[in-house]
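Q: Pasting in a structure now, in structure tokens, and then I'll have a few things to ask.
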Amino acid sequence: MEFKTQLGLDPDTADSVYDSKSLLEYVNLKLTSIGQPVFGDLADSEFFGLSKSLLESYQEKSRLLADYLPPCDQRIQSFLAEYFSDLDLSEMPHLPNNTLILDRHGVARTLSLPAKGDHFSSDIIDSYRIQQGVLHNPKSDRRTTKGVFHVTEGGLPIPNDKKAVPQLAAARLFQKALATAPDSLTTLPFLANEATPAKSWVSLLLRPVVVPEVDGFTKEKTMEVRFFAPGSMVSNLDFVESIFGNGGDPFVSENDAGLDPAHWTGTTGCVILAPHLMGTTKKELGLPNIKDATERQKRDGMCWEKEDELYNDGGAFKITCRDASGRVVTAIADNYFGYCKKEVKTQIGFSANLIGLAEEEHAGGTLAFTGYDLGEDFELAHVYKDLKHSFEDVIANYADRINLMPEGYAVDKNYGNILYLPKDARFELNTQKITWTKDGAEQTIKLLPNISYVLPTGYKVQMVQPAEGRRWRLVGHTPESRVCHKPSTVSGGGKSEISKPITDAIITGPVFVKDFVKDFDLAEKIISKNFGQRFADEAEHHEDSRPILSKERSLGSVIKLLTPSSDFNDAYNNWVNEIPQQVKELVLIIKRFYKEDWGNDWRNRFSVDLINGEFGNVLRYRGNPMLTQYLRVGYTDDGSWRTFGLRKDFMPATKISLEDDITASVVAPSEQIKSLPPEWTAPSSKFVHNCEYRFFQRPDDAIIRGYDKQAEADLSSDGSFLSNYEPLNAEHGKNEVEDTIRFGQYTQPMKDMVKDFVEEGNVDYYSTPAYPRMVDGAPTKNPRYLQVRPDIKDQRGLYLADISSRLFRKQDSQSPLLRPVTSILPGRRNNPAEPEAGVSALCMFSPIHHMELPELFMEYIASITGKSPSTTGAGSEGALTKGPFNALLPIYDMNNALVSYLATEQPAFITAAGYVGPNYRVDHDVSLLVPEIWCRMRPEETDPKWMIEHGYLEKVEDFEHKGKTVKASLLGYRITAKFVRIFFARVFNNPETVLNEEMLKPELQDVDAFVEGMETTQAAHKQAALNYFADGSIDEACPPLKALLNIMAYGEYEGKGLDSEEVRSLFTRESMLNSDWYKARLESQQEQDIKSWTSNVDYLTHFMSKQSHTGVAARLDIGSRLAAAKEELARVSNTDYTKQLVGTLGRHPIK
């Protein structure tokens, strides 16, 4: 990706590089080239004077070649001709051939606002130039997905939840979309305020990734997607190119996907924006009268009783046609931004299913590098006892990246604030020095903040002040990360939140003692206590126990000692419960700061102030006030935070955003892959790739000034794209700045932006997250903005993560570093009942559940969601939560997903968002917290079998209620109090207080609400499953899912239920590998690959045969590409090829 031209970003900083002056001239040039008026007097432009004859020549050649389409458009037009070949030629839709091509990022943005003035208004949108970028408010602030997806008959099978459209009606809709846009729609905002406005269609090429590169298995592959829109909708194209990147001019050979088959999926998509389709009558589309309609047409509204009946009741919709050739065309009768993005997502999923080996997943995700507060002194041997890494290895393996210093350390060549140190380096915070030995002599450098010190294992150390007023400390982060993948996550389930920093939910406050002397006396008794007699099982008693202050006992061990447990006897638990909370805190503080040379003289290190001759309550260490941290986990009934004290050595994980919504993934046999993490044992590995470069974020909490620091930083930066915010004028800005108290709550970047707006007065408007757009007298619940991907913004952080993992793995400097998924953490949105809104209770989940594959896929098939701010209702989203947008039968995605789980043998843990039970609102706090927990768990501790065996998970059992059996077992397993006590203790001081019994067992809050939720779930399971029977796709289901769907719909499969061992045994890797259905997937993959590479060879051969293409063929080295294509064709044609595919997804046999 070329950042400047394709994304409008600086490649080093990811800051906006939008150059309004240069782009204005470029836009004028492009308008002239298609015979449209321009802005200003071109006679004053030296540039246009020089290019006049060139432009005239271009216009004449364009006239002579008016019927010529670029290669990707020709593929689309040929598809339309084939698809509608049975219709009269007069009904044939034709792509526009004289569009204004958006061939670089920024052109669309320039065109989306008036060259003169800061506001454009039409029937469907209001657009504003604002201080920090652009603001676009579509007519509707959000949309429902119900009933909006229509599919043309005659191609691939149509899902039961979609509306089937007869070919004639579809052809007329596409034709109307392309040929009848009114002037009000084709008018470009750029010249809307001029005497002579420009009127044109605009077009854009995208190349979104479908297959991520995996070294040793596959190269990255993209598809091609063409957008066409009437000129007034150019902001929609600014939106999608900002997310996926501009694919360049489709007429240029370098941008012809067919000439680069190694990186092309062979699939082509097209999207036509056409809000003018709303208001079309059914009769004009040739739909039948109701008396002549089929039952499906009646159900889908594809018929009429009255001649003036409007298609889709005059509402927004999208219509698509697609077939097994891998081509898809969609018209969207709306201008809602989210639909444009979702259509690209749909087409990526379409492409992945057609070519095989890949999935498009509805997912969020993050890399989480575990953080630790290392205190005031640190040596690597404290973390790694058996050091097999040496500084000499670093010098030898990474000479191209580092400069070796005479003292025996190294400086990174790319980032001078990354230093590499020997393994015996000792860090001393109080003296601010780092020492080590070289050739028998001690070497010293100064320990400084803002420098990352990397040790030979890849372990990273920094000097950090976590927050203003808190003590400086040494912080360490692990070299390897948890790769947390959050797939199949419903709307509002926390896809984005899993990668957000937890720091926004942390508050800092002083450490209090109630009575300095008495509290310390009690603390001393606790520290001196012999804990050998605490066990419930007397056989475990022993005379001597490790002292609390012993270096042999960790802080986590002390937390466990002071937490009630079923492992302890009643007398001991009662003693623990009687310890005042502030004294527990005090013991943990003493443990955290204790050094061996203190001996028993540790009390003198701590003090309180004397106030009016009496001891105060704020604890001090070495004379400085002590501060402690509290993390929010949910809210009270009145909206106050539920906060809990964090461990004294807790330091948040370093997160690197991995996914946010649209993910391309691939599953590869581990034995074929290079550079996997040490001790990786999974037989197949999943790799994910974020298809987006900017995220369409909904910053729910940013309405609170100063709370969401990242959102305020993003929303105040230049080049921002906002939607559904209020345009605020100069008077508002002046008043806001003068409102000192509230204005002071903003973060500094937001304050600076508003002040600049007020002082400079260059534009008429600005926006802040405190003022969402007002809709029907209330703030919208769906404010949005495009966030530059955090990992792109933090190039140094990405680099540091990469090099640290290389050091740990002893991997060379240049080969691709692979990070397979380690943890699968889907999210569910829960809510209490809202009878007045027709919303049923859906709040049976505890914070974390594990489901075995049959129950998990029942959950996935239904994908039930509670209320979400993104959409207008609750219900079942279906098929891994992207059902409403799927152009294919959902069973294709379901089969792929099951193969992925079976191949990798990775378990899933579902996390709750919204509510836990009807009484505990948690919003996204569990999503934020889970990566912190998981990255502190050893690999075996995340194995559900191990968890169940050791009492960390308990099965949810069915029970009787009011004479009925409640099938609570569908919820699988949920975490226990022991899980909280042990694993939450790695984050919290008093873990048992974070999740009480009512949260772990929501039925204790309100059993009727729990039962209602289970009944709603079972009904959704049944309804979702019946759809697979209604459209015949049950016949396409692999045997495990066929059995499951029958059980969901009818309660049994061949006389067997969900508990049948015969049914459950189908959900194993061994069963899959030995099955005929999996063998058929591998054979289908080979057939597809042979077909694809045969086509690639033919295309390249034909291109080289044209004498007019000789120069281009030489420049692009088409000869070598053809030779490689022939070699690949031979490889996939080999009879042993299917053996290489074992452990992959294969391909569903789509005909």
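The values are calculated or read from the model by the stated rules, or taken from the named source; none is laboratory data. It should be emphasised that the depicted structure is a prediction, and the values quoted were computed from it without experimental measurement. Counting neighbours? That spans all protein chains shown, and the Cβs are built from the backbone with ideal geometry, glycine included.
Q: State whether the residues of the range 1098-1111 include one that is closer than 30 Å to PRO918 by Cα and in contact with a helix residue (DSSP H, G or I) (Cβ under 8 Å, 6 or more places away or on another chain). Give the steps one after another, and end with the answer.
A: Taking the range 1098-1111 and keeping what is closer than 30 Å to PRO918 by Cα, we get none.
No; the residues of the range 1098-1111 include none that is closer than 30 Å to PRO918 by Cα and in contact with a helix residue (DSSP H, G or I) (Cβ under 8 Å, 6 or more places away or on another chain).
Q: Being under 25 Å from GLN795 (Cα atoms) and more than 27 Å from the chain's Cα centre (by Cα) narrows it down to one of ASN430, ASN417, so name that one.
A: Only one candidate passes the filter, namely ASN417.
Q: Give all pairs with beta carbons closer than 8 Å in which a residue from the range 747-765 that is assigned by TED's automatic domain parsing to the domain that holds GLU726 meets a residue that is of a type in the set (D, E, K, R) and assigned to a helix (DSSP H, G or I); count only pairs at least 6 apart in sequence or on separate chains.
A: Listed by first residue and then by second, the contacts come to THR747/LYS709; THR747/GLU712; PRO749/GLU712; MET750/GLU712; VAL754/GLU736; VAL758/LYS734.
Q: Select from the range 687-732 the residues that are within 17 Å of the chain's Cα centre (by Cα) and in a loop (DSSP other than H, G, I, E, B) and write down the one among them that is farthest from SER900 (Cα to Cα).
A: PRO699
Q: Do you know which of the residues in the range 818-847 that are in contact with a Lys or Arg (Cβ under 7 Å, 6 or more places away or on another chain) and not in a loop (DSSP other than H, G, I, E, B) is modelled with the lowest pLDDT?
A: From the range 818-847, those in contact with a Lys or Arg (Cβ under 7 Å, 6 or more places away or on another chain) are 820-823, 825-827, 831, 839, 845-846; that's our starting set.
Filter once more, so that each one left must be not in a loop (DSSP other than H, G, I, E, B): 823, 827, 831, 839.
Details: SER823: 97, GLY827: 91, ASN831: 89, VAL839: 84.
So, considering only residues that are in contact with a Lys or Arg (Cβ under 7 Å, 6 or more places away or on another chain) and not in a loop (DSSP other than H, G, I, E, B), the one modelled with the lowest pLDDT is VAL839.
Q: Could you grab the pairs with beta carbons closer than 6 Å, sequence gap of 6+ or different chains, first residue in the range 783-795 and within 16 Å of GLY8 (Cα to Cα), second one basic (Lys, Arg) and modelled with pLDDT of 95 or more?
A: If the second residue must be basic (Lys, Arg) and modelled with pLDDT of 95 or more, the pairs left are LEU786/ARG694; VAL788/ARG694.
Q: Does MET937 satisfy being touching a strand residue (DSSP E or B) at 6+ places or on another chain (Cβ under 6 Å) and either more than 19 Å from THR865 (Cα to Cα) or surrounded by fewer than 24 Cβ atoms within 10 Å (Cβ to Cβ) (or both)? Can you show your working first?
A: Details: touching a strand residue (DSSP E or B) at 6+ places or on another chain (Cβ under 6 Å): no; either more than 19 Å from THR865 (Cα to Cα) or surrounded by fewer than 24 Cβ atoms within 10 Å (Cβ to Cβ) (or both): yes.
So MET937 does not fit the description; no.
Q: Go through the range 1055-1090 residue by residue and tally those that are touching a strand residue (DSSP E or B) at 6+ places or on another chain (Cβ under 7 Å) and exposed (fewer than 14 other Cβ atoms within 10 Å of the Cβ).
A: Initial filter on the range 1055-1090 (touching a strand residue (DSSP E or B) at 6+ places or on another chain (Cβ under 7 Å)): 1062-1063.
Within this subset, residues satisfying the condition of being exposed (fewer than 14 other Cβ atoms within 10 Å of the Cβ) are 1062.
Of the residues in the range 1055-1090, 1 are touching a strand residue (DSSP E or B) at 6+ places or on another chain (Cβ under 7 Å) and exposed (fewer than 14 other Cβ atoms within 10 Å of the Cβ).
Q: Restricting attention to the range 1104-1128, which residues are part of a helix (DSSP H, G or I), closer than 17 Å to GLU254 by Cβ and within 38 Å of the chain's Cα centre (by Cα)?
A: Initial filter on the range 1104-1128 (part of a helix (DSSP H, G or I)): 1104-1105, 1107-1115, 1118-1128.
Next, from what is left, pick out any that are closer than 17 Å to GLU254 by Cβ: 1104, 1108-1115, 1118-1122.
Across the range 1104-1128, the qualifying residues are ILE1118, SER1120, ARG1121, LEU1122.
Q: Filter the range 241-256 down to residues that are surrounded by 24 or more Cβ atoms within 10 Å (Cβ to Cβ) and either not in a helix (DSSP H, G or I) or not hydroxyl-bearing (Ser, Thr, Tyr) (or both), then give me how many there are.
A: Taking the range 241-256 as the starting set, the residues that turn out to be surrounded by 24 or more Cβ atoms within 10 Å (Cβ to Cβ) are 241-246.
Narrowing the set further to residues that are either not in a helix (DSSP H, G or I) or not hydroxyl-bearing (Ser, Thr, Tyr) (or both) leaves 241, 243-246.
Residues flagged as surrounded by 24 or more Cβ atoms within 10 Å (Cβ to Cβ) and either not in a helix (DSSP H, G or I) or not hydroxyl-bearing (Ser, Thr, Tyr) (or both) within the range 241-256 amount to 5.
Q: What residue, among those in the range 146-171 that are outside any loop (DSSP other than H, G, I, E, B) and out of contact with any Lys or Arg (no Cβ under 7 Å at 6 or more places or on another chain), is nearest to PHE885 (Cα to Cα)? Write out each step before concluding.
A: Of the range 146-171, the ones outside any loop (DSSP other than H, G, I, E, B) are 149-152, 163-165, 167-171.
Those still in the list that are out of contact with any Lys or Arg (no Cβ under 7 Å at 6 or more places or on another chain) too: 152, 163, 165, 167-171.
Numbers: THR152: 15, LYS163: 12, VAL165: 16, GLN167: 20, LEU168: 23, ALA169: 21, ALA170: 18, ALA171: 21 Å.
Taking the candidates together, the pick is LYS163.
Q: Hey, can you tell me all the residues within the range 243-277 that are in contact with a Gly (Cβ under 8 Å, 6 or more places away or on another chain) and either modelled with pLDDT under 95 or of a type in the set (S, T, N, Q) (or both)? Can you show your working first?
A: So the first thing to find is which residues in the range 243-277 are in contact with a Gly (Cβ under 8 Å, 6 or more places away or on another chain), and the list is 254-255, 264-268.
Across the range 243-277, the qualifying residues are ASN255, THR265, THR267, THR268.
Q: Within the range 705-725, take every residue that is in contact (Cβ under 8 Å) with a residue 40 or more places away in the chain and surrounded by fewer than 21 Cβ atoms within 10 Å (Cβ to Cβ) and give me the one that is nearest to PHE337 (Cα to Cα).
A: Applying the first criterion (in contact (Cβ under 8 Å) with a residue 40 or more places away in the chain) to the range 705-725 yields 705-712, 714-725.
Narrowing the set further to residues that are surrounded by fewer than 21 Cβ atoms within 10 Å (Cβ to Cβ) leaves 705-707, 709-710, 717-719.
Working: ARG705: 26, GLY706: 27, TYR707: 26, LYS709: 25, GLN710: 23, SER717: 21, ASP718: 21, GLY719: 18 Å.
Of everything passing the filter in the range 705-725, GLY719 is nearest to PHE337 (Cα to Cα).
Q: Being touching a strand residue (DSSP E or B) at 6+ places or on another chain (Cβ under 8 Å), surrounded by fewer than 17 Cβ atoms within 10 Å (Cβ to Cβ) and either charged (D, E, K, R) or closer than 27 Å to SER720 by Cβ (or both) narrows it down to one residue among ASP123, ASP183; which is it? Break it down stepwise before answering.
A: Values: ASP123 fails: touching a strand residue (DSSP E or B) at 6+ places or on another chain (Cβ under 8 Å).
Residue meeting the stated conditions: ASP183.
Q: So, one more: Just for the range 766-817: of the residues that are among the β-branched types (Val, Ile, Thr) and in a loop (DSSP other than H, G, I, E, B), which one is surrounded by the most Cβ atoms within 10 Å (Cβ to Cβ)? Steps first, please.
A: Of the residues in the range 766-817, the ones among the β-branched types (Val, Ile, Thr) are 768, 775, 780, 788, 792, 803.
Cutting the leftovers down to in a loop (DSSP other than H, G, I, E, B) gives us 768, 780.
Numbers: THR768: 29, THR780: 20.
Per the criteria, the residue is THR768.
Q: Step by step: first the residues of the range 305-316, then only those that are surrounded by fewer than 16 Cβ atoms within 10 Å (Cβ to Cβ) and either assigned to a loop (DSSP other than H, G, I, E, B) or touching a residue at least 60 places away in the same chain (Cβ under 8 Å) (or both), then the one that is nearest to the chain's Cα centre (by Cα). Which residue is that?
A: GLY315
Q: Looking at this structure, is SER657 in contact with a Lys or Arg (Cβ under 7 Å, 6 or more places away or on another chain), buried (at least 20 other Cβ atoms within 10 Å of the Cβ) and under 22 Å from VAL899 (Cβ atoms)? Walk me through how you get there before you give the answer.
A: Values: in contact with a Lys or Arg (Cβ under 7 Å, 6 or more places away or on another chain): yes; buried (at least 20 other Cβ atoms within 10 Å of the Cβ): yes; under 22 Å from VAL899 (Cβ atoms): no.
No.
Q: Restricting the range 398-421 to residues that are among the aromatic types (Phe, Trp, Tyr) and within 16 Å of THR457 (Cα to Cα), which is surrounded by the fewest Cβ atoms within 10 Å (Cβ to Cβ)? Working first, answer last.
A: Let us first name the residues in the range 398-421 that are among the aromatic types (Phe, Trp, Tyr), namely 398, 409, 415, 420.
Imposing the further condition that a residue be within 16 Å of THR457 (Cα to Cα) reduces the set to 398, 409, 420.
Numbers: TYR398: 19, TYR409: 22, TYR420: 25.
Among them, the one singled out is TYR398.
Q: Is it the case that GLY301 is in contact with an Asp or Glu (Cβ under 9 Å, 6 or more places away or on another chain), on the phi > 0 side of the Ramachandran plot and not assigned by TED's automatic domain parsing to the domain that holds ASN886? So that I can check it myself, show each step before the final result.
A: On the way: in contact with an Asp or Glu (Cβ under 9 Å, 6 or more places away or on another chain): yes; on the phi > 0 side of the Ramachandran plot: yes; not assigned by TED's automatic domain parsing to the domain that holds ASN886: yes.
When the stated conditions are applied, GLY301 passes them.
Q: Another question about this same structure. List the residue pairs whose Cβ atoms are under 9 Å apart, where the first residue sits in the range 426-438 and is more than 14 Å from LYS595 (Cβ to Cβ), the second is loosely packed, with under 15 Cβ neighbours inside 10 Å and polar (S, T, N, Q), and the two are 6 or more positions apart or on different chains.
A: LYS433/THR444; ILE434/THR444; THR435/THR444; TRP436/THR444
Q: Can you pull out every residue in the range 619-646 that is assigned to a loop (DSSP other than H, G, I, E, B) and at negative phi? Talk me through it step by step, then tell me what you get.
A: Here is the first cut: in the range 619-646, the ones assigned to a loop (DSSP other than H, G, I, E, B) are 619, 622-623, 626, 636-640.
Once the filter is applied, which keeps residues that are assigned to a loop (DSSP other than H, G, I, E, B) and at negative phi, the range 619-646 yields LEU619, MET626, THR636, ASP637, ASP638, SER640.
Q: A follow-up question, please. If I go through the range 905-932 residue by residue, how many of them are within 16 Å of GLY365 (Cβ to Cβ), in contact with a Lys or Arg (Cβ under 8 Å, 6 or more places away or on another chain) and part of a helix (DSSP H, G or I)?
A: 3
Q: Looking at ARG981, ARG974, can you tell me which residue is more than 26 Å from ASN831 (Cβ to Cβ) and within 31 Å of the chain's Cα centre (by Cα)?
A: Numbers: ARG974 fails: more than 26 Å from ASN831 (Cβ to Cβ).
Only one candidate passes the filter, namely ARG981.
Q: Before we move on, is ASP424 in a loop (DSSP other than H, G, I, E, B), within 18 Å of LEU800 (Cβ to Cβ) and not β-branched (Val, Ile, Thr)?
A: Taking the combined requirement at face value, the residue does not satisfy it.
Q: Looking at (1) within 29 Å of ILE76 (Cβ to Cβ); (2) surrounded by fewer than 24 Cβ atoms within 10 Å (Cβ to Cβ); (3) in contact with a strand residue (DSSP E or B) (Cβ under 7 Å, 6 or more places away or on another chain), which one does PRO114 not meet, given that it meets all the others?
A: (1)
Q: Give the residue that is surrounded by the most Cβ atoms within 10 Å (Cβ to Cβ), with candidates limited to residues of the range 317-332 that are within 27 Å of the chain's Cα centre (by Cα) and of a type in the set (Gly, Ala, Ser).
A: This residue is ALA331.
Q: If SER840 meets every condition in (1) of a type in the set (Ser, Thr, Tyr); (2) over 26 Å from LEU367 (Cα atoms); (3) surrounded by fewer than 20 Cβ atoms within 10 Å (Cβ to Cβ) apart from one, which number is that one?
A: Among (1) of a type in the set (Ser, Thr, Tyr); (2) over 26 Å from LEU367 (Cα atoms); (3) surrounded by fewer than 20 Cβ atoms within 10 Å (Cβ to Cβ), the lone unmet condition for SER840 is (3).
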